[in-house]
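The values are calculated or read from the model by the stated rules, or taken from the named source; none is laboratory data. As the structure is a computational prediction, the values presented were derived from the model and not from experiment. A quick note on method: Cβ atoms are made from the backbone with ideal geometry, for glycine too, and the neighbour counts reach across all protein chains shown.
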């Protein structure tokens, strides 16, 4: 690509990015709260956290406006709780999530989000209740593997290693490409004294992430213990 074409491509790329003013307000950003939240998630995944936060703030404002004007629906409460979760405002997630469920008791997206918020607030029993409700309502849902992972985390922290094994095993069966999940499975198996299955799980983690030192160390321990 020659110099003129390179410059032209850069200019086009620049003008297709979201526009912000110096005050943090949006330029020509349109869409509903869910769309704006999803754009924020995309920016966050690219490491553009400040830009993502602007989108998150705008999504929250739209949701609050809809609620105050009695125009809220399922998507309003879903977008609001999802956004607040990304902003780590867990108490607010619970406040608005439980309010949303009083109106839409079967809104599975809010159920799973509340499960995560309660987990981060270290209320494991409430977290488990919401994760179980989500799984029961949506056994094939988009977030069911995540719900099983958090269930495994809860049981691991409670030192219920057999139950944790079952939950993690389901999570990695549904989504087998996350090294952390295999590592966690290895840890609960190792704690339960199941060293050969633990080694298998650690090995899967290392295959997915060869630089995963904790998984490599766990693999070595499990292999030594199984001899």
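Would a scan of region 187-199 turn up a residue that is on the phi > 0 side of the Ramachandran plot and not assigned by TED's automatic domain parsing to the domain that holds residue 127?
yes
Could you tell me whether any residue of region 169-180 is surrounded by 21 or more Cβ atoms within 10 Å (Cβ to Cβ), assigned by TED's automatic domain parsing to the domain that holds residue 226 and in a helix (DSSP H, G or I)?
Within region 169-180 (the criterion being surrounded by 21 or more Cβ atoms within 10 Å (Cβ to Cβ), assigned by TED's automatic domain parsing to the domain that holds residue 226 and in a helix (DSSP H, G or I)), the answer is yes, since at least one residue qualifies.
Can you tell me which residue is nearest to the chain's Cα centre (by Cα) among those in region 181-194 that are surrounded by 18 or more Cβ atoms within 10 Å (Cβ to Cβ) and farther than 16 Å from residue 151 by Cα?
Only one residue fits best here, namely 190.
Out of 95, 113, which single residue is more than 26 Å from residue 201 (Cβ to Cβ), crowded, with 24+ Cβ neighbours inside 10 Å and outside the structural domain of residue 211 (by TED's automatic domain parsing)?
Checking each option against the conditions leaves just 113.
Going through region 76-103 one residue at a time, which ones are under 12 Å from residue 34 (Cβ atoms) and over 18 Å from the mean Cα position of the chain (by Cα)?
Selection gives 76 alone.
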